Each structure stands twice: as C-alpha cells, then as structure tokens.
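Below: the structure, in structure tokens.
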Amino acid sequence: DRGSVQNSPKSYDVEYLMPVSLGTPAQQLNLDLDTGSSDFWVFSTLLKESMINGQTLYDPNASTTADKMEGYSWKITYGDQSYSSGDVYVDTVTIGDLTVSTQAVEAAREVSEEFTADSDNDGLVGLGFGIINTVMPYKQKTFFEKAMPGLDSPVFTADLKSGAPGRYNFGYIDDGAYTGNITYVPVNSSDGFWSWVSPGFQVGTTGSFNNTRIHGIADTGTTLLLLPEGVCEAFYGRIASAKYDASQGGYTFECNDSTTPDFYFGTGNGQMIRIPGSYLAYSKIDTSSLRCFGGMQSDSGVGFTIWGDIALKAAFIVFDQGSERLGWAEK
Ligand SMILES: COc1ccc(CN)cc1O
C-alpha cells in the first residue's frame, strides 16, 4: 500500500498543512504533519467555544466508526510552551488515499492560545516515534506506525517547498522528486525524535568545510533552523548588516543584504545540502522595516539542533522507520 498528499505552506512558510479525512462519513481537517512529536490530535466538538477561532472540528458523535477509549486521556506541551489535552477515540483516518482503520485520534478538550490563534491549523499528526506519545494509561502508535506493516516500503518522505505546495508520500520513494543521490544517515530514536549527526557545515561557496559534528533532529513541525551558537556566529559574521538583537530575540539583518551567503550542511559521504541565502531572510521584523528576522537562530535554549522547515525545504527527506535512518537529497 502507499499514499501521497499535498502539503501547503501558510504565509512565511511558518507551517505546512495537509488535508486529512477522519471518521464515517469523512470529516476533512487540515493538519500539521510534525516529525518532532508523536501525538495525533485534533480540534474537536469537546472544546470550549472560547478556544475555537475558525478551526474545523472533529465530531466523534457524528462518526459511525468512532469508539471512545474510556478512561484514556492525553496532554502535550511543545517546545514553544504551547499545549493541548483531551480525550481519545479510535476511528478511521485517511491521508492521501492511505487508510488506517483503527487510529487513536486524540480529541482536544483544551488548547493553548497559540493554537486558538492559528485558525487554519485543525491539529497535528505527530510522526515522531510512538515511545513519546502522551496518551495515558497506555501510549498509542503514530499513524505511520499503524500503516507501516501494510506499506510497500517502511518509509515516508517530505518534500516541503519555499512558498509553494509540496508533498508527503507514504510507503515509497518518488525518484522524480529529487536530484543526485540520497545519502542515508543513522537515526537514534531513543528520545522519540528523528535524531541524527551532521558531520559539519560550510558558509558560502568559498568558505571551508567545518568538520564539527552537529547532533540534531529533523522536525517538520518547527519553522526555523536552530543551530549551535558557534555556527550562527560563523554564518552571521559573513553578513555585513547582521547583528544579534536582544529586543527581537535573535539575529536580524537587512533583508536584501547582498553579502548574505548560502549555508551548506553535511549529511555524510561528503554530501552537502545547500540552503539558499534567501531562505535565511525569514521575515520582515515589522512592516515598515528593511530588516529581517533570521531563519537560522541559536539552539541554546533547546539543547540540541532542530533542522526545521528552513532547512527541510531545501531538501528531499526520506524518513525510513524500517531501518531507523534518514535519507537526504538535493532537489
Ligand atoms: C502553536 O502551533 C504549534 C506549536 C507546536 C507545534 C509543534 N512543533 C506546531 C504548531 O503548529
């Protein structure tokens, strides 16, 4: 079996949403595929009105295939301190023609203000590893873990684009979606994340390659690229107008600064992925400003590097759960 679904970026590529069908008859919600977490949760009719702001709600009572998991609950808090919690139902879920008939659907009773404010986002499909699923008393499998045994190949792929729709594919690798070779790196899933080690980085075409192992996770649910302080300093040190601006909470530089270099990160076997300098001028710090907030920021608050959408949209990535490895290719 296999599946394929289009993803669509919201403004500034802040997140990428995909249509998902839940229940019988099908209820379609727009969800955020998040490889940095492992809960499948949705806005639901259980929520208080004050927490809803235009989102589409999953109504388990309107689904003939929904069964409540009595006595089960969930509560998740994300790196940005946003959170959600609620009850659990088993129901049928289809993503891109791939159906899981008994998916644990976590129906929200409570969401934090960040989720309420994000009116296009109806919930998250966590495709990290199931060991960090928050359902109690017994954790539940991710959509991919439920689908995996029936797939042609135990992989899913992410093709995120800058300011344009891309695709998530399940169970196969579309050889037309990338250029050159796919370089595979081992994954350590013990923390539930797609954790891997990059051999280093290079700033610009003329800079030398810096052999410094960077431990991090591939996270489709994080917008920015959060790298070690020293790497940020090496990159922003090459941009004439760049500075660390405490009032903005990060590095900023003039959006059109022509000294902005591309950023390359190593994936192994001498292969590098090139992130165009333009991706790193993330967004204007305010409408009247000529300065942009950087797409690369320090990971010092996190404790490990997060290869978020800024990096992922420069590549074609294979999340190979069958062999616990990540595949990286240019495109
Ligand atoms: C507030 O919105 C979000 C918070 C956390 C995640 C997961 N990294 C995704 C979101 O869309």
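Things to note:
- Residue check, Thr205 of a type in the set (Val, Ile, Thr), touching an Asp or Glu at 6+ places or on another chain (Cβ under 8 Å) and farther than 23 Å from Ser300 by Cβ: yes
- Residues located in segment 50-88, provided they are of a type in the set (Phe, Trp, Tyr) and surrounded by fewer than 20 Cβ atoms within 10 Å (Cβ to Cβ): Tyr72, Tyr78, Tyr83
- Residues that are of a type in the set (Val, Ile, Thr) and either within 18 Å of the chain's Cα centre (by Cα) or modelled with pLDDT under 95 (or both) within segment 274-309 comprise Ile275, Thr287, Val302, Thr305, Ile306, listed in sequence order.
- Within segment 196-213, being surrounded by fewer than 21 Cβ atoms within 10 Å (Cβ to Cβ) and either under 12 Å from Gly266 (Cβ atoms) or within 16 Å of the ligand (Cβ to nearest atom) (or both) holds for Val197, Pro199, Gly200, Gln202, Phe209, Asn210, Asn211, Thr212, Arg213.
- The residues listed here are Ser21, Ser11; of these, the one that is away from the ligand (no atom under 13 Å from the Cβ) and without any contact (Cβ under 8 Å) to a residue 12 or more places away in the chain is Ser11.
- Among (1) out of contact with any Leu (no Cβ under 7 Å at 6 or more places or on another chain); (2) under 30 Å from Gly294 (Cβ atoms), the one test that Gln27 misses: (2)
- Of everything listed in (1) of a type in the set (S, T, N, Q); (2) touching a strand residue (DSSP E or B) at 6+ places or on another chain (Cβ under 7 Å); (3) in contact (Cβ under 8 Å) with a residue 24 or more places away in the chain, the single unmet condition for Thr77 is (3).
- For segment 28-49, filtered to residues that are among the polar types (S, T, N, Q) and surrounded by fewer than 23 Cβ atoms within 10 Å (Cβ to Cβ), the residue that is farthest from Phe156 (Cα to Cα) is Thr45.
- Residue match in segment 73-81 (condition: more than 20 Å from the chain's Cα centre (by Cα) and within 16 Å of the ligand (Cβ to nearest atom)): yes
- Matching residues in segment 134-159 - criterion: being over 13 Å from Val100 (Cβ atoms), touching an Asp or Glu at 6+ places or on another chain (Cβ under 6 Å) and not hydroxyl-bearing (Ser, Thr, Tyr): Val155
- Number of the condition not met by Thr64 [criteria: (1) out of contact with any strand residue (DSSP E or B) (no Cβ under 9 Å at 6 or more places or on another chain); (2) among the polar types (S, T, N, Q); (3) in a loop (DSSP other than H, G, I, E, B); (4) under 19 Å from Gly221 (Cβ atoms)]: (4)
- Residue match in segment 89-98 (condition: surrounded by fewer than 17 Cβ atoms within 10 Å (Cβ to Cβ), small (Gly, Ala, Ser) and either modelled with pLDDT of 95 or more or part of a strand (DSSP E or B) (or both)): no
- Put simply, of Gly171, Gly216, Gly192 the only residue that is modelled with pLDDT of 95 or more, more than 21 Å from Asn269 (Cβ to Cβ) and in contact with a Phe, Trp or Tyr (Cβ under 6 Å, 6 or more places away or on another chain) is Gly192.
The values are calculated or read from the model by the stated rules, or taken from the named source; none is laboratory data. Because the structure is predicted, anything quoted here is derived from the model rather than measured. All Cβ positions, even for glycine, are placed from backbone atoms using ideal geometry, and neighbour counts span all protein chains on display.
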